[in-house]
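Structure first, then comments.
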Amino acid sequence: MVYVDNDPMVPAHGRALLAVNERTAVVTSDLRDPAAILGDEAVKRLIDFDRPVGVMLVGILHHLHDDEDPRGIVEAYMAAVPSGSHLFITHFCDSSQDSRDAEKKFLALLGTGRFRTVAEITAFFEGYDLVEPGVVPLPLWRPEADLPEELTVGRRLMFGGIARKP
Ligand SMILES: C[S@@+](CC[C@H](N)C(=O)[O-])C[C@H]1O[C@@H](n2cnc3c(N)ncnc32)[C@H](O)[C@@H]1O
């Protein structure tokens, strides 16, 4: 497992937590530079690109603006992994007026990026086989406990899905 983040504070804490684990690494790098990340020494040492890989873009793509080509970035990572690999994305979702109100507040904290619609988030998975139940609010992705009939705004803010590379 290799965790990548461009905030130098995050790897500093991660490295302290993982100091005794030789099978994980924390790399300071920028998601928008797939060549640097795929060529990183720790990535090459710990990830076996001859076997299916889990590419987890968790809470990160909403930091990227459209002109930074988030779809092309997803494709660059998926091109590097073999058939049978899985892509996991969670993303802030523009699904209602409530979520648009939340976006204004969140963007002040997130710094960069934007919420995307379900269709826009689903488009990141184009070319791969979305597994059931598709792109849904996170609490609805194979829930293990009963959920209230209506989710609160907070529980509908983040959508996610998983797809398999054919
Ligand atoms: C909401 S957090 C999610 C962290 C982690 N994926 C998780 O689920 O716990 C978003 C993280 O993305 C990092 N980040 C933002 N833009 C980035 C970029 N261009 N490249 C790498 N990391 C980035 C931030 O520093 C922050 O730690």
> Taking the DSSP beta bridges in segment 51-164 as the whole, what percent of them are antiparallel, to the nearest 5?
Replying inline: 65 percent
> At Ala79 and Asp7, where each label point lies 7 Å from the Cα along Cα→Cβ, what is the point-to-point distance in nanometres?
Replying inline: 3.0 nm
> What does the charge dipole of the chain about its Cα centre add up to, to the nearest 20 debye, if the Cβ of each Lys and Arg holds +1 and the Cβ of each Asp and Glu holds -1?
Replying inline: 280 debye
>> I need to check one value: relative contact order of segment 1-95, counting alpha carbon pairs closer than 8 Å and at least 6 residues apart, in percent.
In response: 28 percent
> Counting pairs of alpha carbon atoms under 8 Å apart in space and at least six apart in sequence, what relative contact order in percent does the chain give?
Replying inline: 21 percent
>> Report, to one decimal in Å, the Kirkwood hydrodynamic radius for the chain based on all distinct Cα pairs.
In response: 17.1 Å
>> To test your reading of the geometry: what angle, between 0 and 90 degrees and rounded to tens, separates the Cα axis of helix 70-79 from the longest principal axis of the chain?
In response: 40 degrees
>> As I understand it, the value is the acute angle between the Cα axis of helix 97-110 and the longest principal axis of the Cα atoms of the chain; what does it come to in degrees, rounded to 10?
In response: 30 degrees
> What value, in deg cm²/dmol to 500, does the helix sum -39500 (n - 2.57) over DSSP H runs of n ≥ 4 give at 222 nm once divided by the residues of the chain?
Replying inline: -8000 deg cm²/dmol
> Once the Cα atoms of segment 1-91 are picked out, what are the Rg and Dmax in Å?
Replying inline: 13.1, 40
>> Quick query: amide H of Val27 versus all other amide H atoms, modeled in the peptide plane; which residues come in under 5 Å with a sequence gap of 5 or more or a different chain?
In response: Tyr3, Val4, Asp5
>> Please list, by residue number, every one of the GluC sites (Glu not before Pro) in segment 37-132 that is coil in DSSP and has at most 15 other beta-carbon atoms within 10 Å.
In response: Glu126
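All of the numbers you see were taken from the coordinates with simple rules; none came from a lab. Here the structure is a predicted model, which is why all the values come from computation and not from measurement. Virtual Cβ from ideal backbone geometry, glycine too; neighbours counted across all protein chains shown.
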